[in-house]
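Here, each number is a calculation from the coordinates, and none is a lab measurement. If you're wondering where the values come from, they're calculated on a predicted model, not measured in any experiment. Cβ: placed from backbone, ideal geometry, glycine included. Neighbour counts: every protein chain shown.
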Amino acid sequence: MKIAISLVLVVASLSASSLVDQAKKSGLVSIPSSKSEIMKLIDDKRNPITNEKIELGKKLYFDPRLSKSGIISCNSCHNLMEGGDDGISAAIGHKWTPNPHHLNSPTVYNAVFFEAQFWDGRAKDLEEQAQGPIQAHPEMAATKEHVVATVTSMPEYVDAFKKAYGKDVAISFEKVTDTIGLFERTLVTPSAYDDFLNGKKNALTKVQQEGLKTFMDKGCVTCHNGRTLGNTMNAFNVTGTYKYQDVGDFKGNANNMVKVPTLRNITQTAPYFHNGQVWSLKEAIIEMGRIQLGTSITDAEAASIEEFLKSLEGKKPALSMPILPASTATTPQPDMN
């Protein structure tokens, strides 16, 4: 009996090992288990990560006073208390304005690993991306001048910038957004899937391992690969037309390419697709098979893939709500116009 059990365990281990090998050959990459190795991936030599900068960036990320109305922060559309998005089909901004292109807010978790930001990939990194929503009228509707005036009106913020960057720091709009982007770099969520690829053979259940194999065998890994299982720009509507394509006017970048969204924490980021029209993960899987792979994914196959995707639910960084500096007599007042 002991010999039989041992043989079963050896076979299971070999099966898991071969699955890991297949995953790596398919272009899937794990988040390292070592914090120091993760830091090497997320750090920016132009603006090295420090605890002081992280804490300052967190405050700015949560501060609604950076917006014109004084009620919208980065966290409004990228809620760190859930999936890092806003959970609605189209982002809502200044004066309750829906995104004019009916675009869905992507998650900020693990966004540091993307080669480009925004659905059309127009920003090269998180620091550049942070500048867009703050200035966009349908979003935070602020100006560079408003942001600088707001931050410099509060001595606590001025002191925090000096502590983070040195006493001679010039507080500019770009310095503010760079600090927000730096904080966002730390929002990495390693999961059981990463443990599995990193050598922990029992990190995934047998059902999840079968789902990973289905995911690869059906061709999902063609676009959803790399460290985020989604990363680069890719053609959309390759073998069919997305059934909600007419909701909004987004067609991609100048080459009709669309950023492939991450599948990490996908169970927490409904609704799906760029215009947020699909609320069921199973439906999204089947639709992607039809329009991107030209294949019919059965209900059973979709259920199998969905089980694998559950293993991508990551461990989020422990965050405490920041206590923001008090406004002063010179802090710009909220403007709802």
Assigned charges on the beta-carbon of Lys, Arg, Asp, Glu; region 31-160 dipole about Cα centre (debye): 160 debye
Enumerate the calculated ³J(HN,Hα) couplings along region 107-119 in order (Karplus 6.51 cos²θ - 1.76 cosθ + 1.60, θ = phi - 60°), each rounded to whole Hz, writing x wherever the residue is Gly or Pro. 5, 8, 5, 6, 5, 4, 7, 6, 6, 8, 10, 6, 4
Near Lys68, which aspartates and glutamates are there with a Cα under 12 Å away, not counting those fewer than 8 places off in the same chain? Glu139, Glu145, Asp335
With point charges of +1 on the Cβ of Lys and Arg and -1 on the Cβ of Asp and Glu, referenced to the Cα centre of the chain, which listed residue (Ile88, Asn198, Thr262) lies farthest in the positive direction of the dipole? Asn198
Taking a cut-off of 16 Å between Cα atoms, list the lysines near Lys53, but don't count ones fewer than 8 places away on the same chain. Lys45, Lys162, Lys163, Lys167, Lys175
Once the Cα atoms of region 7-140 are picked out, what are the Rg and Dmax in Å? 19.3, 66
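Which of Lys251/Lys316; Lys251/Lys315; Lys243/Lys282; Lys201/Lys310 have a Cα-Cα distance over 24 Å?
Numbers: Lys251/Lys316 32 Å; Lys251/Lys315 34 Å; Lys243/Lys282 15 Å; Lys201/Lys310 17 Å.
Check vs 24 Å cut-off fails for Lys251/Lys316; Lys251/Lys315.
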Please compute the contact order of the chain in relative form: average sequence separation of alpha-carbon pairs under 8 Å and at least six residues apart, divided by the residue count, as a percent. 24 percent
Quick check for me: using +1 on Lys/Arg Cβ and -1 on Asp/Glu Cβ, what's the dipole size of the chain about its Cα centre, in debye to the nearest 20? 720 debye
Step by step: find N for region 156-300, compute 2.2 N^0.38 Å, then divide the Cα radius of gyration by it. What's the final number? 1.38
With springs connecting C-alpha atoms under 10 Å apart, model the chain as a Gaussian network and identify which of Leu309, Leu103, Leu324 has the largest mean-square fluctuation. Leu324
Any aspartates and glutamates whose Cα falls less than 15 Å from that of Lys213, other than same-chain ones fewer than 8 residues away, would be Asp21, Glu301, Glu306, Glu307
Quick one, could you list the DSSP H helices from the chain stretching 27 Å or more along their long axis (Cα atoms) with average Kyte-Doolittle hydropathy of -1.0 or above? 2-25
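Take the alpha-carbon positions of the chain, form their convex hull, and give its projected area averaged over all directions (one quarter of the hull surface) in nm². Mind dumping the intermediate values first?
Numbers: hull surface 75.6 nm².
Average of the hull's projected areas for the chain equals 18.9 nm².
Quick one: divide the alpha-carbon radius of gyration of region 234-331 by 2.2 N^0.38 Å and tell me what you get. Walk me through the intermediate numbers first.
On the way: Rg = 18.5 Å, N = 98, 2.2 N^0.38 = 12.6 Å.
It is 1.47.
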Residue-wise HN-Hα coupling along region 252-260, computed from phi with Karplus coefficients 6.51, -1.76, 1.60 (Hz; x: Gly, Pro): x, 7, 4, 9, 6, 9, 10, 5, 6
For Asn234, enumerate residues with amide H under 5 Å from its amide H, sequence gap 5+ or separate chain, H modeled in the peptide plane. Val258, Lys259, Val260
Among beta bridges assigned by DSSP with both residues in the chain, the antiparallel ones amount in percent, to the nearest 5, to 90 percent
